[in-house]
Amino acid sequence: MHFNKLDLNLLVALDALLTELSISRAAERLHMSQPAMSNALARLRSYFDDPLLVQVGRRMEATPRAEALRDAVRDVLVRVDATITAQPRFDPAQSDREFNLLVSDFTLSVIGTQLLSLAARQSATVRFRFHSQVDNPQRALERGEVDMLVIPSGYCSPDHPTDTLFEESFSCIVWRESRLARQGHLSFDEYTAAGHVVMQPPGGVTFESWFMQRYGVSRRVEVTSFSFATAPSLVVGTQRIATVHTRLARLAATYLPLTLLEPPMPMPRMQQAIQWHKYRTQDPGLVWLRQLLHDAAAAMDSAWASSEPPAP
């Protein structure tokens, strides 16, 4: 099919080339031969009257013209894909669809069991692929690389629909045999004087930046982890503190020798949100997935409400 004398199949090749910045990897991505991809690039260069990709040392880089085309081409392809692949109805018990969700390990730890259990109760035959946090998650959504983001609302893109999934507070956790655990409370001076275990998220504003801006002092960060879920275990056997999501803290305290303490300063509650591409709002499969996530959040809160928090 052609539009303005451009073979629209070439847009798919252009998208792969601008994503991979490599003829061989783009060919592999589209299951094409390398000569066929080279031919597609030659036709694209002729149509746009621009080299599009140029060799710089050992790698290829996009020209300014190609950079200007990158998001527009991806937007067209996502819109076409959303229109063509959308089914008039969705039956989770008859579908072999794979849902790609970008989530943190915190979210998976506290809601993953309920999500998969509820899907199993519906005899769902779908597959779930959970992707770890990345810098600029909105780009993965806009490029159609994931179906849904589950992230704090402050990180959501203003260009796509958002729905709050649940709210979360924060707690301080310490080793059960530590001095602060035996003391049973935590002052602000003790908090700032202690060593801290922190999780460093990819990109975005860190808790350290917020704390410094709000209180004018720095915490003594002694251990940095790439994972929310590992932070509680890293205080065991030490006098350190980890400030983590309360649900995660309570979960960790069921299998680790930990004590939960109230933070010595007010902390804003976090709104965990789900976000999907604006072109896929009416996708019956994603409508089902959004409802499943809300049902899982309700089941999670019901489970927390019926259990007693760990005693100091």
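The values are calculated or read from the model by the stated rules, or taken from the named source; none is laboratory data. Keep in mind that what you see is a predicted model, and the values were worked out from it rather than measured. All Cβ positions, even for glycine, are placed from backbone atoms using ideal geometry, and neighbour counts span all protein chains on display.
The figures follow:
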read-out	value
Odd one out for residue 244 among (1) surrounded by 20 or more Cβ atoms within 10 Å (Cβ to Cβ); (2) closer than 30 Å to residue 78 by Cα; (3) modelled with pLDDT of 90 or more	(2)
Selected residue [touching a residue at least 40 places away in the same chain (Cβ under 8 Å), within 18 Å of residue 103 (Cβ to Cβ), of a type in the set (Ser, Thr, Tyr) and not assigned by TED's automatic domain parsing to the domain that holds residue 301] from 227, 187, 178	227
Candidates 110, 80, 54 - the one that is assigned to a helix (DSSP H, G or I), over 20 Å from the mean Cα position of the chain (by Cα) and β-branched (Val, Ile, Thr)	80
Tally, over region 257-270, of residues that are at pLDDT below 95 and outside any loop (DSSP other than H, G, I, E, B)	1
Members of region 127-140 found to be of a type outside the set (Val, Ile, Thr) and either in a loop (DSSP other than H, G, I, E, B) or at pLDDT 85 or above (or both), listed by number	127, 128, 129, 130, 131, 132, 133, 135, 136
Flag for residue 236 being modelled with pLDDT of 85 or more, surrounded by 13 or more Cβ atoms within 10 Å (Cβ to Cβ) and farther than 19 Å from residue 151 by Cβ	yes
Yes/no for residue 124 being touching a strand residue (DSSP E or B) at 6+ places or on another chain (Cβ under 8 Å), without any contact (Cβ under 8 Å) to a residue 40 or more places away in the chain and either assigned to a helix (DSSP H, G or I) or of a type in the set (Gly, Ala, Ser) (or both)	no
Filter pass, residue 159 being in a loop (DSSP other than H, G, I, E, B) and farther than 16 Å from residue 105 by Cα	yes
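Conditions tested, residue by residue: (1) part of a loop (DSSP other than H, G, I, E, B); (2) in contact (Cβ under 8 Å) with a residue 24 or more places away in the chain.
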| residue | (1), (2) |
| --- | --- |
| 247 | no, yes |
| 255 | yes, no |
| 272 | no, yes |
| 282 | yes, yes |
| 294 | no, yes |
| 304 | no, yes |
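Residues are listed down the side, and each one gets a yes or a no for (1) more than 29 Å from residue 15 (Cα to Cα); (2) out of contact with any Ser or Thr (no Cβ under 7 Å at 6 or more places or on another chain); (3) basic (Lys, Arg):
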| residue | (1), (2), (3) |
| --- | --- |
| 100 | no, yes, no |
| 110 | yes, yes, no |
| 127 | no, yes, yes |
| 139 | no, yes, yes |
| 143 | no, yes, yes |
| 148 | no, yes, no |
| 166 | yes, yes, no |
| 174 | yes, no, no |
